[in-house]
Amino acid sequence: MPYNAPEGTADMLPAVARLWRSTTETAAKLFAAYGYEPIDTPIFEMTEVFTRGIGEATDVVGKEMFTVRSGENYKRALAAGSDEGLKSKQKLSLRPEGTAGVVRAVVQHNLVEQGAAPAKLFYAGPMFRAERPQKGRLRQFHQIGVECLGATEPTADAEMIIMLMRFYETMGVPRQNMRLLINSMGDDACRPAYRESVRQFILDHEDEMCEECRRRAETNPLRAFDCKNETCSHVMEAAPKITDNLCDDCRTHYEAVKALLDAAGISYIEDPTLVRGLDYYTRTVFEVQVTEGMGSQSAIGGGGRYDKLAESVGGRPTPGLGFALGFERMVLALEAAGALGESTKRVDGYVACVDDSVRAAAFDLVCAARDAGLCVEMDHQGKSLKSQFKMADKVNARVVIVLGPDELSQGKARIRNMRSHAEKLVDIAAAKRLLSQFGGQRVGGASSPINIDTVFSFENDDKE
Ligand code: AMP
């Protein structure tokens, strides 16, 4: 019986897998200009990293985490009827987001030494949330994220938001399709009182609010701002706003971030109800939404400052901030904007055989070209010459090198430039001598220092 990929997951077929790789390369290049270095952490962590770091009252931790158990520990828990007997290190979860794991790694390896420069890290990889799948909402999806630890100044917040917007622009998401929302969530000095006033507000209006929000009043009152229930959102419009309740330090920080964004020409919308789903945020939070063609999942990326997170995963107080952007949603946004470039396979050359007698010579030429770093293919299925040309077209070969017994007996091959359709006879030994100068490069395709047009002297044909 053929199997399908699990519900809520998607195979990245070559066109999307190519885009994922080029997207992560673009991110790496852009983020490097801002001083970011790569980090890769495990895709599962001790569950406590998430419950302590992100908070059990959040949806991603409270409802959506995938539990991981080794076979033995799974059986042990099953026999005991609960997980209680397992040690903390045996309770593992697939990461629902990247920040908690990266901050855990920063603390574990002491990457922010006292007095040293901030640690600036980026990651790219799969995240897992047991959500109800729908367009733009998967159970395994891919995020690219950055974390900056050790920076307190508002310039760090502004720099990060600018970097996110530049990334989207570089990827081709039209500026006019994006909406940047920002807010400040306050800190330990002003948030507790504000949280209490929202709790009280919900209790005062509990008759009008859904059961979930009534529960949220006790666990995570600010999340009531995100409730999809229309009555709840209507009621919450009158709830106290954090921006009216910020302490002086938080207000000064927020004003400075906005002034820096203004100076950089980044437009934004202040949204005092933007609380984001995770508990760890303090002060600046931001989210990028796409207005066109995204259905209900319009958030393509977001993040914020989390000055308390390092402590909650056992580190010393370390200010931090970060963002994560969803790859699949960015692809939807590009599609909706008609900005998703065609991703096609491209090879430098295709070596075609007129008959079987030249196959070994063709193979030899292909090997020499590949060793020089060129991207070339040949037929391995005994196809007719016509079919081989079709194959060459399919992989967008720049040139087709046709080896026939007559030409080969004179040491020659016929080369066709697939764009100009120019053809010429070339000397195989001379081409191979040139290739051998680059032998051992093995760098492949685009990054090869050698150009197929040079080897087969087609340089001027494209200008015809
Ligand atoms: P969050 O960690 O929830 O702030 O998510 C950051 C970004 O990841 C979002 O803006 C989305 O683009 C993406 N994202 C979050 N959850 C999912 C999901 N279930 N499926 C696809 N993308 C997601």
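General observations
- For the chain, Cys with no neighbouring Cys Cβ under 4.7 Å: CYS148, CYS210, CYS213, CYS250, CYS353, CYS367, CYS375
- A quarter of the convex hull surface defined by the alpha-carbon atoms of the range 1-159 gives 13.0 nm² as the mean projection.
- For the Cα trace of the chain, dividing Rg by the Kirkwood Rh returns an Rg/Rh value of 1.10.
- Over the C-alpha atoms of the range 343-401, the Rg to Rh ratio, Rh being the Kirkwood estimate, stands at 0.95.
- Fraction of alpha-carbon pairs over 12 Å apart in the range 43-86 - percent: 64
- Built amide H within the under 5 Å cut-off of ALA352, gap 5+: ILE401, VAL402, LEU403
- Listed peptides 286-299, 376-389 appear in the order 286-299, 376-389 once ranked by packing, highest mean of other Cβ atoms within 10 Å at the front.
- Rel. contact order, % - alpha carbon contacts under 8 angstrom, at least six apart, the chain: 14
- Length released on extending from ALA130 to LYS87, taking residue separation times 0.36 nm less the Cα-Cα span: 13.1 nm
- Accessible area per residue for the chain, computed on protein heavy atoms with a 1.4 Å probe, is 49 Å².
- Segment MET418..ILE43, full-extension length gain: 130.5 nm, with 0.36 nm per residue of separation and the alpha-carbon distance subtracted.
- Exceeding the 25 Å Cα-Cα cut-off - candidates LYS120/LYS241; LYS89/LYS120; LYS63/LYS241; LYS386/LYS412; LYS135/LYS308; LYS345/LYS383: LYS120/LYS241; LYS89/LYS120; LYS63/LYS241; LYS135/LYS308
- Hull volume in cubic angstrom per residue (convex hull over the Cα atoms of the range 299-344): 105
- Surface/4 of the Cα convex hull for the range 92-190, nm²: 9.2
- Accessible area ranking (1.4 Å probe, heavy atoms, ligands and nucleic acids excluded), largest first, for TYR34, TYR3, TYR254: TYR3, TYR34, TYR254.
- Of the solvent-accessible surface of the range 15-164, computed with a 1.4 Å probe and all protein chains present, 52% belongs to carbon and sulfur.
- Rounded to the nearest 10 square angstrom, ARG305 shows an accessible area of 0 square angstrom against a 1.4 Å probe.
- Backbone phi angles across the range 161-175, fed through the Karplus curve with coefficients 6.51, -1.76 and 1.60 (θ = phi - 60°), yield HN-Hα couplings of 5, 4, 4, 5, 5, 5, 4, 4, 4, 4, 6, x, 6, x, 3 Hz in residue order; Gly and Pro are listed as x.
- Estimated dipole of the chain in Debye, rounded to 20 [Cβ of Lys and Arg +1, of Asp and Glu -1, Cα centre]: 1380
- For the range 62-146, projected area of the alpha-carbon convex hull averaged over all directions, nm²: 7.7
- Across all C-alpha atoms in the range 296-447, the radius of gyration and Dmax reach 24.9, 77 Å.
- Rounded to the nearest Hz, the phi-derived 3J(HN,Hα) couplings of the range 249-261 under the Karplus curve 6.51 cos²θ - 1.76 cosθ + 1.60 (θ = phi - 60°) are 5, 5, 5, 4, 4, 4, 4, 5, 4, 5, 5, 5, 5, where x marks glycine and proline.
The values are calculated or read from the model by the stated rules, or taken from the named source; none is laboratory data. Note that the structure is predicted; figures quoted are calculated from it, not measured. Cβ coordinates were reconstructed from backbone atoms using ideal geometry, including for glycine residues, and neighbour counts include every protein chain displayed. Heads up: the accessible areas ignore ligands, DNA and RNA and are worked out on the full protein's heavy atoms, side chains in. Shrake-Rupley method; radii C 1.70, N 1.55, O 1.52, S 1.80 Å.
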